[in-house]
Structure formats: C-alpha cells, structure tokens
Amino acid sequence: MDTLTHALAGALIARATAPREPRPGGLPLGRRVLVGAAAAAFPDLDFVTSYMTPLSYLYHHRGVTHSVLLLPVWAALIALIFAAVWRFKPGWRAYYGIAAIGIASHIAADLITSFGTMIFAPFSDSRYALSATFIIDLWFTGIILAGLAAALVWRRSRVPAVAALALLAGYVGFQWLMQQQAIDFGRDYANREGLRSARVTAMPRPVSPLNWTVIVEEGGRYRYAHVNLVRKTVPPAPDEHTGFVARLDAPYRPLRDAQWLQAGLYGRSDKETALARDAFSQPAFRFFRWFAAYPALTSVESGNPAQCAWFEDLRFITPGRDGTPFEYGMCREGEGPWQPFQRLGAERRAVY
C-alpha cells in the first residue's frame, strides 16, 4: 500500500477510536489524528535502505519496521518523540496506544497486498501476503477519503469514521471473495488441461477489484491469464487516445475469452534451459530465489562473449505498463564467473 493511503488510514482509525468525551491527561482530537497518521506512515521509512545498495530494498523493505514483534518498540519511540514535541504534557503513555494502532494498521494494510511482509523480522525473513488488494487501490483510498471528509462535516461524531472503517473491511472481504472466484476459474482450467497437481493462485491487478491475473503452476511451468470476473465483451485495444486508467484496464478479458499465456522458470528450448538452470542456481542469485514467488525466465542473451539469463516474478507483471519493476538476471563474460544484475528498461545495473 502506498504511504499516503497508510497515513490517511491511520488518521481515520484515530478518529474512529477517539473517546466520546475528552479524558483527563488524554490527547486533544486533532493531535490524536496527527499521531495516528504519522505512526501509520512510519514503517515506510525503511525506503531509506534503498540508497545503501541496489538490493537493500528487496532485503529490508517491509522488514523490521513492519514487524509485529517490534511493534511495541516502534510505538514507544513514536510516543516519546511526540511527547517531547509537546514537552511531555501529557506524558508519552498518552501517545502510545494510538501510535501502536497506527503501526498495526500499516502492517495489516500491507499484508493484504502481494509484495510480502516480514512480520516476524528480525527472527524470520519469511514473507506473508494475502494478495487480495493491489498495491495502489483507488477504491480503497477513496473509501478512506470519504470517511475523513464525512468526519470533518460531523466533527462531534465518530460514526462517520467507524462507518468508513466498516465499509473498508467489507471491501477487502469482497476482494477476497473475488480472489476465490478467480482461483476457482483457474482450477477449472487446470482440471480441463489435466494439470492435476497444479498450484493455482490469483494476483490482484489495478483499476478494479474484478481484475485478476490467474496463475496455474506445475513443475516450474506457468500458464496465466489476465481476466475480469464480470466483463461480457473484450475491451477495444488501446490506441494513442486511450487514457491511462483505460489503458491499464483494457487487457483484462471476460472469463469465456481468457487468453492463457505460458512462461517457465527455465524457458522452453534445451539451450535456454541449460543456461537458465546454471544461472538461476548460482549462490549469488540467492536473493532472487528468496524474493520471487513465481520466478520465470524472460529472456536469454547468448552474445559473443557475454551471456545473460533474465528472470521476473509473475506477481508483478502488469499488462498496460511497460516492463516489470523487479527483473534480475545473471551474466558472465565467456566462461567467467556469473554476476547478478538488475535490468531497468535498456539499462543493466550491477547489484553488488
């Protein structure tokens, strides 16, 4: 989830959980909302690690600042900072509860996306994801904004904020139900194709909670389709007059007109497979094997003397958008050692 949406959600939760009547030693409503917004945005401060090394973002984003084990520590830190700003009137304990709620809201909102969150860092680097909500969901953000606007109109009541949170929970529940419908569609396809041991998942996609990428994986080979669960006709192909939102929405076809694409971890030809296997298994490529949920070969370069094998994670393919944000590969000169790189458009950047 984007940081702005996190902050807005923290403000909404702060308003919804505010006492009906001011309490002695408690926070004024405006200050409570400010602390809630700041605490909810706080975990994304880990973006500064991206300036350390090219791989720092993969290793550390959604790590210790998103850990439920360290949540009490971060909440105490935020409480102390805000208490100091207001000269400890009231003391830090008055800030602690809403700081903890704000951080918890951030972790929860990230868990419903597909990037993966290390909620047990630093003791475990396992990533957890429900993959029900796209990373930037305008409907999700819109519900929060509507709730905050209503709370401004009816300032004395917390009902608008509570109602908005209830609607938000219902929206996420609806997304989960749509995900199950997309998975069922994938399972039906796998059964028809005789893929009895296939793993079927569905990744949320932008613009609409009805847009999904259904992934069927068996033995390192993938079949995937970009579908809209209720659409009846195929949208027209985008042209130079098509707007940004319509361009992102156009690739998602009705279920009956789904086009199944294919990809593989090691490619298809024997030549591709041998090179891709060698590159993918290298110790220096461990970071990508750890990060990627659905690693797939995108291309093999067999130049003279350079050789490269490039991989992407199917979680992040978004039709209508150029490239993928997480494409990594291994390259070598002749029979020299393999070295890891990231590909950004036409640029190749060493990651170590």
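The values are calculated or read from the model by the stated rules, or taken from the named source; none is laboratory data. Quantities reported herein were computed from a predicted structural model and do not represent experimental measurements. Positions of Cβ are generated from backbone atoms using ideal geometry, with glycine treated the same way; all protein chains shown enter the neighbour counts.
Tabulated values for the structure
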read-out	value
Candidate set: segment 258-292, residues that are touching a residue at least 40 places away in the same chain (Cβ under 8 Å) and of a type in the set (S, T, N, Q); chosen: the one farthest from Glu193 (Cα to Cα)	Gln282
Selection count where residues are outside any strand (DSSP E or B) and under 21 Å from the mean Cα position of the chain (by Cα), scope segment 290-324	16
Some residue of segment 327-344 being of a type in the set (A, V, I, L, M) and either modelled with pLDDT of 90 or more or closer than 22 Å to Arg221 by Cα (or both)	yes
Considering residues of segment 125-143 that are of a type in the set (Ser, Thr, Tyr) and either over 10 Å from the mean Cα position of the chain (by Cα) or outside any loop (DSSP other than H, G, I, E, B) (or both) only, the residue surrounded by the most Cβ atoms within 10 Å (Cβ to Cβ)	Thr141
Checking Ala146 against (1) in contact with a Leu (Cβ under 7 Å, 6 or more places away or on another chain); (2) outside the structural domain of His66 (by TED's automatic domain parsing); (3) not acidic (Asp, Glu), the condition it does not meet	(1)
One residue from Asp257, Asp313 being among the acidic types (Asp, Glu), out of contact with any Lys or Arg (no Cβ under 7 Å at 6 or more places or on another chain) and in the same structural domain as Tyr224 (by TED's automatic domain parsing)	Asp257
Unmet criterion (only one of (1) in a loop (DSSP other than H, G, I, E, B); (2) under 15 Å from the mean Cα position of the chain (by Cα); (3) at pLDDT below 95; (4) not aliphatic (A, V, I, L, M)) for Thr113	(3)
Segment 278-290: number of residues that are closer than 19 Å to Ala306 by Cβ and surrounded by 15 or more Cβ atoms within 10 Å (Cβ to Cβ)	5
Among residues of segment 42-68, those that are among the aliphatic types (A, V, I, L, M) and surrounded by 14 or more Cβ atoms within 10 Å (Cβ to Cβ), counted	4
Verdict on Ala100 being in contact (Cβ under 8 Å) with a residue 12 or more places away in the chain, surrounded by 20 or more Cβ atoms within 10 Å (Cβ to Cβ) and assigned by TED's automatic domain parsing to the domain that holds Ala40	no
Verdict on Leu69 being aliphatic (A, V, I, L, M), more than 14 Å from Ala38 (Cβ to Cβ) and in a loop (DSSP other than H, G, I, E, B)	yes
Test: residue in segment 41-49 that is within 19 Å of the chain's Cα centre (by Cα) and either outside any helix (DSSP H, G or I) or farther than 30 Å from Ala284 by Cβ (or both)	yes
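Residues are listed down the side, and each one gets a yes or a no for (1) in contact with a helix residue (DSSP H, G or I) (Cβ under 8 Å, 6 or more places away or on another chain); (2) outside the structural domain of Glu193 (by TED's automatic domain parsing); (3) surrounded by fewer than 18 Cβ atoms within 10 Å (Cβ to Cβ):
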site	(1), (2), (3)
Ser208	yes, no, no
Asn211	yes, no, no
Val214	yes, no, no
Glu217	no, no, no
His226	no, no, no
Lys232	no, no, yes
Glu240	no, no, yes
Arg247	no, no, yes
Ala250	no, no, no
